[in-house]
Amino acid sequence: MSTTVQLPRWIDVGALPLLNLLLALVVSGLVVLAIGENPAEVVEILLYGAFGYEEAWGYTLYYTTNFIFTGLAFAVAFHCGLFNIGAEGQAYVGGLGVTLAALYLDFLPFPIMLVVGMLAAMIFGAAWAYIPAYLQARRGSHIVITTIMFNFIASSLMVYLLVNVLRPEGSMTPESEQIAENLRLPFIHDIAGALGIEMASSPLNLSFVYAIMASVMVWLFIWHTRWGYAIRTVGANAVAATYAGIEPGRFIIIAMMISGALASFMALNEIMGVQHRLLIDFTAGYGFVGIAVALMGRNHPFGIFLAALLFGMLYQGGAELSFEIPTISNDMVVVIQGLVILFTGAMEHMFRPRVTKMYTAWRLRRDAQEAV
Amino acid sequence: MENFELVILLLDATLRTSTPLILAALAGMFSERSGTINLALEGMMLGGAFSAAAVAFYMDDPWIGLLAAIATTIGLSLLHGFACITHKGNQVVSGMAINILMSGLTALVGIALFAQGGKTPALDKAARFQPITLPGAEAVKDVPIIGPIYFELLSGHNILVYIAFLAVPAAWWVMYRTRFGLRLRAVGENPGAVDTAGIGVVAMRYRAVICSGVLVGMSGAYLSTAQGASFLQDMTAGKGYIALAAMVFGKWRPFPALAACLLFGFLDAAATRLQGVVLPVIGEVPVQLVQALPYVLTVILLAGFIGRAIPPKALGRPYVKER
C-alpha cells in the first residue's frame with residue numbers, strides 16, 4: 001500500500017503553501033477574536049491600509065523592497081544548504097559601508113556616488129558574511145550559531161561606533177550625520193514627477209527597481225550559471241559535489257558572500273533611500289522576516305516577490321491597523337509573521353502526507369477507470 | 001578591604017545575572033542532547049516571563065506564577081516538538097518562528113489585559129520571590145572575610161537562584177547516571193540504534209523537550225517575578241541567545257555550561273559597573289565590547305581555537321523510521 005505518486009507541481013509549490021498560509025491566517029484570526037476584536041474588520045482595515053489609496057501602495061512597495069532583499073539573501077545561502085540567520089547583522093554592517101562612503105567620498109558626482117555607495121554596502125555586507133562562511137567552510141563551525149553571534153556582535157559594534165565615532169559633535173542622539181545629497185536615491189514620485197506623471201509622495205525609491213533587477217539576476221545566477229549550479233550541487237549533496245570536482249568549501253564562502261551582499265542592499269533602501277542617515281537598529285527585524293519570505297517563496301525569486309509583497313502589505317496595513325484599533329498594536333503584525341513562519345516554514349510538511357495520500361488515491365482510481 | 005567588598009558585590013551581581021542563563025542553558029542542553037535544536041529559548045523565556053508576571057499579579061502568589069510560566073513553556077516546547085519531531089519540520093525555522101511569535105504575542109496580550117503599553121502592572125512584595133536569609137547569616141555578618149562572603153554573596157538570594165545552582169548537579173545526575181539520561185543522549189547521537197533497542201525515539205525526544213520547557217519556564221519566571229517586578233516588552237533582550245551560546249561554550253555539558261554562564265553573567269554584571277570607569281593601564285573600556293564578549297568568545301570556541309565543541313551527532317536531523 002506504500003505506492004505514492006509524485007505530487008504535480010501546482011500542488012507542491014502552489015496549493016500546499018497556500019493551505020499552510022491559510023491556516024496561519026485562520027489562527028491569526030483566532031488571536032484577534034481572543035483579544036475581543038472582529039477579524040473581518042481587521043482584514044478590511046489591513047487591505048485598505050495596504051492598497052486602499054495611492055500613498056498606501058508606495059509604502060507597501062517600500063516595505064516589500066526590504067523583504068525582497070533579505071528574502072533573496074536567505075535563499076541564495078539556502079540553495080547551498082546554509083542557514084544564514086545573519087542577514088540582520090549583514091545589512092546593519094552594510095549600512096555602515098554606505099555611511100562611511102557618504103562621509104569620506106562625498107566629493108564624487110551623483111551617478112558615480114550611487115555606484116560607490118552600493119559597492120560599499122556590498123563589500124561591508126559580504127565581508128561580515130565572510131567570517132562565518134570561512135569558519136563553516138574551513139573549520140566546521142555551525143553557521144546557524146555563528147551568524148546569530150555575528151548579529152549580536154554587529155549590534156554592539158554599531159552602537160559603539162554610533163555613540164563614540166559617527167555621532168556628530170554636540171548631538172545627543174546616536175545617529176550619524178545626514179548623508180550628502182549626491183548619495184540619495186531618488187524617490188519614485190520624484191522620478192514620475194519629472195516625467196510629468198502626478199504621484200502621491202511615499203518613501204518608495206529607486207531601490208525597488210534594484211530589488212526587481214536583483215531578483216532577475218539571482219534567478220539567472222542560481223539556475224543559469226556554472227557557479228549557481230555548483231552552489232545547488234553543494235546544497236543538495238556536498239559529498240557528491242566533491243566527487244563531481246566541486247569544492248564545497250569554496251562555494252559555501254561564495255554563496256554566503258553573495259547572501260551578505262544581497263542583505264546589505266536593504267541599507268540602500270533604508271539609508272540611501274529613506275532615512276538618509278545611519279540609525280540604531282535600522283534593520284528592525286527585516287533580516288529575520290527574510291527567512292519567512294524565502295521559505296514561503298520556496299526560495300525562488302518569483303515566489304520571494306509574492307511573499308515579500310504579502311509581508312509588505314502586512315507591515316503597511318498593520319500600521320494603519322494600530323491607528324484605527326487602539327487595542328491592536330503593531331505587535332499583531334509580529335504575531336502574524338510568527339504564525340506564518342511557523343505554519344509555512346516549520347510545519348510545511350504537516351499536510352503533505354495527507355494530501356499525497358488523497359492525490360494518490362484519486363490518481364489510482366482515475367487510472368483504474370481509464371484502464372476499463 | 002574596599003576592593004574586597006567591591007569584588008564581593010560584583011560576584012553577588014554575577015550570581016543574579018547568571019541565574020536565568022543557567023536555567024535556560026540547561027534547558028537548551030536537554031533539548032539538544034536529544035537531537036532537537038532549540039533556538040526558541042529566547043521566545044520561551046519571554047513567554048514564561050509574561051505568564052509568571054500576569055498570573056502572579058492576579059493570584060498574588062509567585063509560586064502560581066511560576067507554575068503558569070512552566071505550563072506556558074511546556075506548551076511552547078510541545079509546539080516546537082510537534083513541528084520538528086512529529087512533522088519533521090526544520091528545527092531552526094521553528095525556533096525562529098516561536099521567538100518572533102512570542103515577541104508579538106506577549107506584547108499583544110499584555111496590552112489587551114492591562115492596557116499599559118505591553119507591560120504588566122508592578123508586582124507587590126507578596127507576588128514576588130523574596131530574598132532568603134540563610135541560617136546563621138546574621139550571626140557571621142561581622143566576621144571578616146567569611147562574614148561578607150556568607151552574608152553578602154551566598155545568603156540573601158531568592159529561591160530560584162538556589163534552584164538554578166542545584167539544577168546543575170541534578171541535570172548532570174539525570175544526564176549521566178540514569179537510564180533516562182543515557183537514552184536521551186543516545187537518541188541525540190544515534191537514534192537508529194535506540195530504535196533498534198525497542199525504545200521510541202519520538203517519545204524520548206518529546207520527553208527531552210518537556211524537560212527543556214520546565215527549565216526555561218523557571219528562567220522566565222525569574223526575570224519577571226524575582227529579579228524584576230513586572231513583565232516588560234522584550235525583557236529577555238537576547239538572554240535566550242546568550243544562554244544558547246553558553247551551552248555551546250560549555251560543549252553541551254552541565255558543569256562547563258555552568259562555568260560559561262557564570263563567565264557571561266560576570267561580563268554582564270561588570271559591563272554595567274564599568275560604564276564610564278577609567279581603568280589603570282587599559283583606559284576606558286567600551287561597554288559594548290564587554291557586552292559583545294560572550295558572542296566573540298563563543299565564535300572563537302566554535303572555530304576550534306580554544307578546544308573543540310562537538311555537537312550531538314544527530315542534532316537537527318528529524319528521525320525517519322526505516323520502512
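Quick grid of which residues meet (1) buried (at least 22 other Cβ atoms within 10 Å of the Cβ); (2) of a type in the set (A, V, I, L, M, F, W, C):
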| residue | (1), (2) |
| --- | --- |
| B:MET44 | yes, yes |
| B:GLY47 | yes, no |
| B:PHE50 | yes, yes |
| B:PRO62 | yes, no |
| B:GLY75 | no, no |
| B:THR86 | no, no |
| B:LYS119 | no, no |
| B:ALA122 | no, yes |
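Residue pairs whose Cβ atoms lie under 8 Å apart, sitting 6 or more positions apart in sequence or on different chains, and linking a residue in region B:50-68 that is closer than 12 Å to B:GLY217 by Cα to a partner that is in a loop (DSSP other than H, G, I, E, B) and modelled with pLDDT of 95 or more, do not occur here.
Taking the criterion of being surrounded by fewer than 24 Cβ atoms within 10 Å (Cβ to Cβ), β-branched (Val, Ile, Thr) and under 21 Å from B:SER94 (Cα atoms), would at least one residue in region A:303-313 satisfy it? Looking for residues that are surrounded by fewer than 24 Cβ atoms within 10 Å (Cβ to Cβ), β-branched (Val, Ile, Thr) and under 21 Å from B:SER94 (Cα atoms), one finds none in region A:303-313, hence no. For region A:274-316, filtered to residues that are more than 14 Å from every other protein chain (Cβ to nearest Cβ) and of a type in the set (Val, Ile, Thr), the residue that is farthest from the chain's Cα centre (by Cα) is A:VAL274. A:LEU108: assigned to a helix (DSSP H, G or I), surrounded by fewer than 24 Cβ atoms within 10 Å (Cβ to Cβ) and touching a helix residue (DSSP H, G or I) at 6+ places or on another chain (Cβ under 8 Å), yes or no? Answer is no for this residue. When A:THR173 is tested against (1) over 25 Å from the mean Cα position of the chain (by Cα); (2) surrounded by 18 or more Cβ atoms within 10 Å (Cβ to Cβ), exactly one condition is not met: (2).
Filtering A:VAL159, A:VAL216, A:VAL209 for residues that are outside any loop (DSSP other than H, G, I, E, B) and either free of Cβ contacts under 8 Å to residues at least 60 places away in the same chain or of a type in the set (Gly, Ala, Ser) (or both) leaves a single hit, A:VAL209.
Among the residues examined, B:THR120 does not qualify as hydroxyl-bearing (Ser, Thr, Tyr) and within 14 Å of chain A (Cβ to nearest Cβ).
For the list (1) in contact (Cβ under 8 Å) with a residue 60 or more places away in the chain; (2) under 25 Å from A:VAL355 (Cβ atoms); (3) not hydroxyl-bearing (Ser, Thr, Tyr), I need the number of the one condition that A:GLN6 fails. If we test A:GLN6 against (1) in contact (Cβ under 8 Å) with a residue 60 or more places away in the chain; (2) under 25 Å from A:VAL355 (Cβ atoms); (3) not hydroxyl-bearing (Ser, Thr, Tyr), just (1) comes out false. Restricting region B:153-204 to residues that are of a type in the set (Ser, Thr, Tyr) and under 30 Å from B:LEU9 (Cα atoms), the residue that is nearest to the chain's Cα centre (by Cα) is B:TYR162. B:GLY81 fulfils the conditions (1) crowded, with 23+ Cβ neighbours inside 10 Å; (2) in a helix (DSSP H, G or I); (3) more than 14 Å from chain A (Cβ to nearest Cβ); (4) not acidic (Asp, Glu) except for a single criterion, (3).
Among the residues making up region A:329-370, a single one is of a type in the set (Ser, Thr, Tyr) and facing another protein chain (nearest Cβ under 7 Å): A:SER329.
In the set (1) free of Cβ contacts under 8 Å to residues at least 40 places away in the same chain; (2) touching a Lys or Arg at 6+ places or on another chain (Cβ under 9 Å), A:ALA192 fails one condition alone, (2). Taken over region A:138-150, residues that are crowded, with 23+ Cβ neighbours inside 10 Å and more than 7 Å from chain B (Cβ to nearest Cβ) amount to 3. Is there a residue being in contact with a Gly (Cβ under 9 Å, 6 or more places away or on another chain), within 22 Å of A:ILE212 (Cβ to Cβ) and in contact (Cβ under 8 Å) with a residue 12 or more places away in the chain anywhere in region A:102-118? There is at least one residue in region A:102-118 that is in contact with a Gly (Cβ under 9 Å, 6 or more places away or on another chain), within 22 Å of A:ILE212 (Cβ to Cβ) and in contact (Cβ under 8 Å) with a residue 12 or more places away in the chain. Filter region B:85-105 down to the residues that are over 21 Å from A:ALA87 (Cβ atoms), modelled with pLDDT of 90 or more and at the interface with chain A (Cβ under 7 Å from one of its Cβ atoms) and list them by number. Selection gives B:LEU105 alone. Counting the residues of region A:76-98 that are small (Gly, Ala, Ser) and within 14 Å of chain B (Cβ to nearest Cβ) gives 5. Number of residues in region B:198-229 that are more than 22 Å from B:LYS88 (Cβ to Cβ) and either buried (at least 22 other Cβ atoms within 10 Å of the Cβ) or touching a strand residue (DSSP E or B) at 6+ places or on another chain (Cβ under 7 Å) (or both): the value is 12. Of the residues that make up region B:137-153, is at least one surrounded by 16 or more Cβ atoms within 10 Å (Cβ to Cβ), under 30 Å from A:GLU88 (Cα atoms) and in contact with a Phe, Trp or Tyr (Cβ under 6 Å, 6 or more places away or on another chain)? No, every residue in region B:137-153 fails to be surrounded by 16 or more Cβ atoms within 10 Å (Cβ to Cβ), under 30 Å from A:GLU88 (Cα atoms) and in contact with a Phe, Trp or Tyr (Cβ under 6 Å, 6 or more places away or on another chain). Among the residues of region A:45-67, not a single one is assigned to a helix (DSSP H, G or I), more than 30 Å from A:ALA121 (Cβ to Cβ) and without any contact (Cβ under 8 Å) to a residue 40 or more places away in the chain. Looking across region B:224-253, the residues that are part of a loop (DSSP other than H, G, I, E, B), more than 14 Å from chain A (Cβ to nearest Cβ) and of a type in the set (Gly, Ala, Ser) come down to B:GLY228, B:ALA229, B:SER230. State whether the residues of region A:124-137 include one that is more than 19 Å from the chain's Cα centre (by Cα), closer than 21 Å to B:LEU267 by Cα, surrounded by fewer than 21 Cβ atoms within 10 Å (Cβ to Cβ) and among the hydroxyl-bearing types (Ser, Thr, Tyr). No: zero hits. In region B:236-252, the residues that are within 15 Å of B:SER18 (Cβ to Cβ) form Cβ pairs under 6 Å with partners that are of a type in the set (Ser, Thr, Tyr) and crowded, with 24+ Cβ neighbours inside 10 Å, at six or more places apart or across chains, as follows: B:ALA245/B:THR298; B:PHE249/B:THR298.
The values are calculated or read from the model by the stated rules, or taken from the named source; none is laboratory data. Since the model is a prediction, treat every value here as computed from it, not as a measurement. Note that each Cβ is placed from the backbone with ideal geometry, even for glycine, and that neighbours are counted across all protein chains shown.
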